[in-house]
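Here the structure is laid out as structure tokens; the discussion comes afterwards.
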Amino acid sequence: MIVEQIWTGNSWRNFNYLIACRETGEALAVDPLDHEKCLNTAKDHGWEITQVVNTHEHHDHIAGNGPLIEATGAKLLAHQNARDSIPGMDVGLKPGDVIKVGHTVELETLDTPGHTMSHVCLLAHAGTPALFCGDTLFNAGAGNCHNGGHPNELYHTFATQLAGLPDETLVYPGHDYIANNLAFTLDREPDNARAEELLDQVEDQDPDRALVSTLALEKEINTFFRLHSPSVIARLREAFPDLPDEPDPKTVFLKLRELRNTW
Ligand SMILES: [Zn+2]
Ligand SMILES: [Zn+2]
């Protein structure tokens, strides 16, 4: 499997992706907002884009579908419940559905509600696992729930699906928010030395060559995976004095999400 992370350079800081089979040159585009960059990247590699997956229905993830599909004839796949909100869907994805790209790539559909209620992540198992996580999981952060989502479901997705993936899983999110998110982690957990070190490293990174994190790294630097950290809990109790000494992880997650909304 070959992955091209495509930096759009727009003000929303979207990442688009091409996932290609190295034997056949067939490629799948994830949320190809910058359709021109996606088409040019495919052309440079000699790839043929045959499928498009939208992780969810937000405009900045689907707005490139039309021109890209017009240019390639690719099929459009998205969550089965997104038919009313994503025009032109060919295939509705259910949890566990496997999407094949050429001979060598298989992507498992994860049903990951929270940011919206019809959001999928794609999990590649071959070789090093890789997760294409749209706006559910970001580097050092989690998606918001302002536009059709629910924090309870986002917690459930993190706890029951994302947290259990192998440590070496590569994380390919839908936006580059890493520096801002690390600053939030440090606001919540000022003694997180790994987050501080990473912030120094990525603050001035070229998003065309962005750091690709792993789930193991996220568990160290992403506050939404650090629900048992004593310093996260201590800081949270300063903001919410009614919290018990040992709040359950769901409460910690929801309070962190709430603080992040206004941070
Ligand atoms: Zn979104
Ligand atoms: Zn987005």
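The values are calculated or read from the model by the stated rules, or taken from the named source; none is laboratory data. Quick caveat, the model's predicted, so the values are computed rather than measured. With ideal geometry, Cβ positions are generated from the backbone for all residues, glycine too; neighbour counts draw on all protein chains shown. Areas reflect the complete protein model, heavy atoms only, side chains present, ligands, DNA and RNA absent. Shrake-Rupley method; radii C 1.70, N 1.55, O 1.52, S 1.80 Å.
Is it the case that some residue within region 28-47 is out of contact with any Lys or Arg (no Cβ under 6 Å at 6 or more places or on another chain), polar (S, T, N, Q) and farther than 23 Å from residue 175 by Cβ?
no
With the requirement that a residue be over 17 Å from the mean Cα position of the chain (by Cα), open to solvent by 50 Å² or more (accessible area, probe 1.4 Å) and either away from ligand 1 (no atom under 16 Å from the Cβ) or not hydroxyl-bearing (Ser, Thr, Tyr) (or both), what does region 10-30 give you?
22, 23, 24, 26 - these are the residues of region 10-30 that are over 17 Å from the mean Cα position of the chain (by Cα), open to solvent by 50 Å² or more (accessible area, probe 1.4 Å) and either away from ligand 1 (no atom under 16 Å from the Cβ) or not hydroxyl-bearing (Ser, Thr, Tyr) (or both).
Collect the residues in region 61-88 that are over 21 Å from the mean Cα position of the chain (by Cα) and among the aliphatic types (A, V, I, L, M), keeping them in residue-number order.
68, 69, 71, 74
Condition check ((1) crowded, with 20+ Cβ neighbours inside 10 Å; (2) under 29 Å from residue 9 (Cβ atoms)) across all residues:
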position	(1), (2)
181	yes, yes
186	no, yes
203	no, yes
228	no, no
233	yes, no
241	no, no
252	yes, no
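Select from region 150-175 the residues that are in a loop (DSSP other than H, G, I, E, B) and open to solvent by 10 Å² or more (accessible area, probe 1.4 Å) and write down the one among them that is nearest to ligand 1 (Cβ to nearest atom).
150
Regarding residue 24, is this residue of a type in the set (Val, Ile, Thr), in contact with a Gly (Cβ under 9 Å, 6 or more places away or on another chain), part of a loop (DSSP other than H, G, I, E, B) and at pLDDT 95 or above?
So residue 24 fits the description; yes.
Out of curiosity, is residue 33 within 30 Å of residue 263 (Cα to Cα), free of Cβ contacts under 8 Å to residues at least 40 places away in the same chain, buried (at least 20 other Cβ atoms within 10 Å of the Cβ) and within 15 Å of ligand 1 (Cβ to nearest atom)?
Yes; evaluated as a whole, the condition is true for this residue.
Just to confirm my filter: which helices (runs of 4 or more DSSP H) fall fully inside region 185-263 and include at least 1 residues that are under 22 Å from residue 153 (Cα atoms)?
Qualifying helices (runs of 4 or more DSSP H): 215-221, 230-239, 249-262.
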